[in-house]
1. I'd like to verify a number: residues in the stretch 28-55 that are in contact (Cβ under 8 Å) with a residue 24 or more places away in the chain and not hydrophobic (A, V, I, L, M, F, W, C), how many?
2. Considering only residues of the stretch 42-70 that are part of a loop (DSSP other than H, G, I, E, B) and among the polar types (S, T, N, Q), which is nearest to Ile25 (Cα to Cα)?
3. When you look at Ala52, is it modelled with pLDDT of 90 or more and of a type in the set (Gly, Ala, Ser), yes or no?
Amino acid sequence: MPPTPSNEPFKFSSPHEWQVCLKIIADKLPFGPHDYQLEGITQALDGQDVFAVSATRSGKSAYIYMLAIILLELTNDPLLQYCRQFSVLF
């Protein structure tokens, strides 16, 4: 059931929404994100710029892949429609 509206803006970087993002990713991929990836993804969903610097083969490319999976799922799943007020614009 969608949360009741409040005066606070919706944030993907909240603990509950981290779990929503983790579930979406776990259902679509054979691996889960590292904490730093999930933090960057949820910040991007909140409309913040993300600049990731990490070692080669540490999962930087997975940021955009997992972000795309989450955005597609939020767009296609009617149970997640309350999340559609995200500020990511393409």
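The values are calculated or read from the model by the stated rules, or taken from the named source; none is laboratory data. Source: prediction; values computed, not measured. Cβ placement follows ideal geometry from the backbone for every residue including glycine, while neighbour counts extend to all protein chains displayed.
1. 9
2. Here is the first cut: in the stretch 42-70, the ones part of a loop (DSSP other than H, G, I, E, B) are 46-59.
Cutting the leftovers down to among the polar types (S, T, N, Q) gives us 48, 54, 56, 58.
On the way: Gln48: 20, Ser54: 21, Thr56: 22, Ser58: 17 Å.
Applying the filter and picking the extreme gives Ser58.
3. Details: modelled with pLDDT of 90 or more: no; of a type in the set (Gly, Ala, Ser): yes.
Considered against the rule, which asks whether it is modelled with pLDDT of 90 or more and of a type in the set (Gly, Ala, Ser), Ala52 comes out as no.
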